[in-house]
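The values are calculated or read from the model by the stated rules, or taken from the named source; none is laboratory data. All figures in this text were calculated on a predicted structure; none of them were measured in a lab. As a convention, Cβ positions derive from the backbone with ideal geometry for all residues, glycine included, and neighbour counts pool all protein chains shown.
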Amino acid sequence: MILNISNITKSFGDKTILKDVSFGINEHEMVALIGNNGTGKTTLLNIIMGKEHADSGDIFLKKDAKIAYLPQVITFEDDRTIYEEALDVFSSLIAEEKTLRDMEDGMSSLSGDELNKYMDVYHQKMDSFVNNRGLTYKNEINATLSGLKFLGGDMDRKVSSLSGGEKTRLLLALILLQKPDIILLDEPTNHLDMDSIAFLEKELLSLNCAALIISHDRYFLNKVVKKVAWINNGSILSYSGNYDDFIVKRDAYVLAKMREYNKEQAYIKKQEEVIALLRSFNREKSIKRAESRVKQLDRRAAVEKVNVETTEMNLSFSINKESGMDVLSIDNLFFDYNDNKILEGVSLEIKKGERIALIGANGTGKSTFLKLINRELRPVSGEINYGTNVEISYFDQNAKVLDDNDTIFESIQNSYPDMTNTEIRNMLGSFSFRDDDVFKKISTLSGGERSRVILSKLMLSKGNLLILDEPTNHLDMTSKEILEEAINNFEGTVLYVSHDRYFINKTATKVVELKGGHFTQYIGNYDYYLLKSSEQNSGSKSSDAPSLVKDEPTKNNLDYLSQKKEKAEKQKREKDIKKIEEKIEALENKKVLIEESMNKPETTSNSAKLNELCSELNDINLEIDELMNKWEELES
């Protein structure tokens, strides 16, 4: 095991984030750290790195193991160039290289045994240099920087001039070049386009190191991890497999725990009913039996209710009116920006009901194209024709639809003045903004909170053409799933830009790739795009045969018969219990009549009649006892 986390507890004020968290990571094992926003994932990484202190618990790292960390917020202390930063990773190797060059210069003045000894030392140093990547490190630097979109002209750029996203890519490159034994990655795919993410996946798998990864990129996690650690309510559970495997196992776990809890609650309720009924008989034996059952319940181990932390977001898109079948027709569209050709004669037909994903590398013009559709920009030439009754609702990744000076409540009220205060509060409550949260300033909101406000406004707009620019940015996994379902159930048309490959797989009916100013269209989701684009790149002509999918296992007939038999037995048992209860009630009523008759003056003076009633009462008590035994047996 390379990293062991033992009983870590961490609180902020009176809120405990992590409670006795324990799990381990084996060598070469890549683990995803999953949990909703605010559950303590980043806090745990900071504790492992010593940037924060745990209230209790221990972190054990294997001796001499090299660890590297990619945080979300990155700073570089010096002001070197990008290439100088990369060279610094190999500073000891560069020093070895200089020593070798110096030794080579000194060989000419030596001879004989002195030269032989000198050459032995030289060859040892050369072997060490070669084994430590001395002959390849410059090629590795160029390949890694290039894979993360730092091209030739970028190498001399000062690190201080880089944007936040560029700094993330640079630190990621430096970590990959270091080849550490374990890497901690906090949202590594943020600011990466699809090509860079694919490069990162390939590099991580080739490193054969251990990793602990926080990411909302579900497609990425499916590619690289073989284990998932799930933080929920401060505790942690581990599952083998990738993200999709985790979802299946987590849901099965939650369902099993819910069934166990519900079964326990049903048992307790039934026992309480039995106890109440036994006490109602008001007989010594019945009261003792009731007390015995109370003690059994008290000794019984409690089954805790499983609570899954989720982001509540009741999102559904509706439309004011239907559009025509022809929603948009884009014909020979050109657009330049600062003499840079962005779109070069692109054409696209969008039909009602389509869900189109626009993909491409960063800077290719995807957001620009959406702004042209939304009339925020004017094309140099070409036509955009809108179909009958088309109404656009636009999600802007830069949140320009929000005013930082507004509160959340005011943002909705200003856009929809006809809504009552109660309607606004109820709507915001469905997006997890409750009580005083609605009076938070937009400027103080996190990225995820801003996205939820924009989505709430988008839902209220009721346009029949949704144009979405990176809608899943800042959303946690639960919110992404809710958005996916809302889009798939939408009666209108959707055009969106996204780097979220999992999201595209779940929602797209067509993928349009923007590359070199031109469109290439693929009818299908992201996996279909990958298949067809790789065929085109390799020049192969594979048929459009559907991919093989494993059939879901059908229910075993024996299980079905067993369940059917069990159900029939349960119904019979419940019917028998009801009959016994009715008999007991009838006998108890008969006892009351006999006891009343025994107390009458004419009976007390008639010994023969009294003996007859006593004998009958005794028979009834015996029969009740026998029925009670059967009843308790069936109840158990």
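With respect to ILE330, determine if the residue is within 30 Å of ILE356 (Cβ to Cβ) and surrounded by 15 or more Cβ atoms within 10 Å (Cβ to Cβ). Let's see the steps before the verdict.
On the way: within 30 Å of ILE356 (Cβ to Cβ): yes; surrounded by 15 or more Cβ atoms within 10 Å (Cβ to Cβ): yes.
Spelling it out, ILE330 is indeed within 30 Å of ILE356 (Cβ to Cβ) and surrounded by 15 or more Cβ atoms within 10 Å (Cβ to Cβ).
Could you list, ordered by first residue, the pairs with Cβ atoms under 9 Å in which the first is in region 180-195 and at positive phi and the second is outside any strand (DSSP E or B) and among the polar types (S, T, N, Q), at least 6 apart or interchain?
These pairs meet every condition: GLU187/THR42; GLU187/GLN72; GLU187/THR168; GLU187/SER215; HIS191/SER163; HIS191/THR168; HIS191/ASN362.
Of the residues ARG299, ARG289, only one is touching a Leu at 6+ places or on another chain (Cβ under 9 Å) and farther than 30 Å from MET459 by Cα; which?
ARG289
Within region 590-600, is even one residue under 14 Å from PHE281 (Cα atoms) and either among the polar types (S, T, N, Q) or surrounded by 11 or more Cβ atoms within 10 Å (Cβ to Cβ) (or both)?
Of the residues in region 590-600, the ones under 14 Å from PHE281 (Cα atoms) are 590-592.
Now narrow it down to the ones that are either among the polar types (S, T, N, Q) or surrounded by 11 or more Cβ atoms within 10 Å (Cβ to Cβ) (or both): 590-591.
Taking every residue of region 590-600 in turn, at least one turns out to be under 14 Å from PHE281 (Cα atoms) and either among the polar types (S, T, N, Q) or surrounded by 11 or more Cβ atoms within 10 Å (Cβ to Cβ) (or both).
From (1) within 30 Å of LYS352 (Cβ to Cβ); (2) at pLDDT below 90; (3) touching a helix residue (DSSP H, G or I) at 6+ places or on another chain (Cβ under 8 Å); (4) not basic (Lys, Arg), pick out the condition that doesn't hold for MET419.
(2)
How many of the residues in region 402-460 are β-branched (Val, Ile, Thr) and touching a residue at least 24 places away in the same chain (Cβ under 8 Å)? Talk me through it step by step, then tell me what you get.
The initial filter retains those residues of region 402-460 that are β-branched (Val, Ile, Thr), namely 407-408, 412, 420, 422, 424, 438, 442, 444, 453-454.
Pick out the ones that are also touching a residue at least 24 places away in the same chain (Cβ under 8 Å) and you get 407-408, 412, 438, 442, 453-454.
Residues in region 402-460 being β-branched (Val, Ile, Thr) and touching a residue at least 24 places away in the same chain (Cβ under 8 Å): 7 in total.
Being touching a residue at least 12 places away in the same chain (Cβ under 8 Å) and among the acidic types (Asp, Glu) is the filter; apply it to region 1-54 and report the residue that is farthest from LYS66 (Cα to Cα).
Restricting to residues being touching a residue at least 12 places away in the same chain (Cβ under 8 Å) and among the acidic types (Asp, Glu), the top hit is ASP20.
So which helices (runs of 4 or more DSSP H) stay within region 437-544 end to end and still have 2 or more residues that are farther than 30 Å from ASN414 by Cα, among the basic types (Lys, Arg) and assigned by TED's automatic domain parsing to the domain that holds ILE408? Before you say what the answer is, go through the steps one by one.
Details: elements: 447-461, 477-488, 501-507, 526-538.
It comes to 501-507.
Look at GLY38 and say whether it is over 27 Å from GLY241 (Cβ atoms) and either surrounded by fewer than 15 Cβ atoms within 10 Å (Cβ to Cβ) or modelled with pLDDT under 95 (or both).
For GLY38, the condition - over 27 Å from GLY241 (Cβ atoms) and either surrounded by fewer than 15 Cβ atoms within 10 Å (Cβ to Cβ) or modelled with pLDDT under 95 (or both) - is not met.
Among the residues of region 50-88, which ones are touching a Leu at 6+ places or on another chain (Cβ under 8 Å), of a type in the set (A, V, I, L, M) and loosely packed, with under 13 Cβ neighbours inside 10 Å?
Scanning region 50-88 gives no hits.
Just to be sure, is ILE47 buried (at least 16 other Cβ atoms within 10 Å of the Cβ), touching a His at 6+ places or on another chain (Cβ under 9 Å) and assigned by TED's automatic domain parsing to the domain that holds HIS28? Outline the logic, then answer.
Numbers: buried (at least 16 other Cβ atoms within 10 Å of the Cβ): yes; touching a His at 6+ places or on another chain (Cβ under 9 Å): yes; assigned by TED's automatic domain parsing to the domain that holds HIS28: yes.
So ILE47 passes the test.
Listed here are the residues, each with its yes/no results for (1) assigned by TED's automatic domain parsing to the domain that holds ILE384; (2) small (Gly, Ala, Ser).
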site	(1), (2)
LYS305	no, no
ASP331	yes, no
GLU349	yes, no
GLY353	yes, yes
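So which strands (runs of 3 or more DSSP E) stay within region 1-116 end to end and still have 1 or more residues that are touching a Phe, Trp or Tyr at 6+ places or on another chain (Cβ under 6 Å) and of a type in the set (A, V, I, L, M, F, W, C)? So that I can check it myself, show each step before the final result.
On the way: elements: 3-12, 15-25, 30-34, 56-61, 67-70.
Passing ranges, in order: 3-12, 30-34.
Restricting to region 228-276, count the residues that are surrounded by fewer than 15 Cβ atoms within 10 Å (Cβ to Cβ), hydrophobic (A, V, I, L, M, F, W, C) and in contact (Cβ under 8 Å) with a residue 40 or more places away in the chain.
The total comes to 2.
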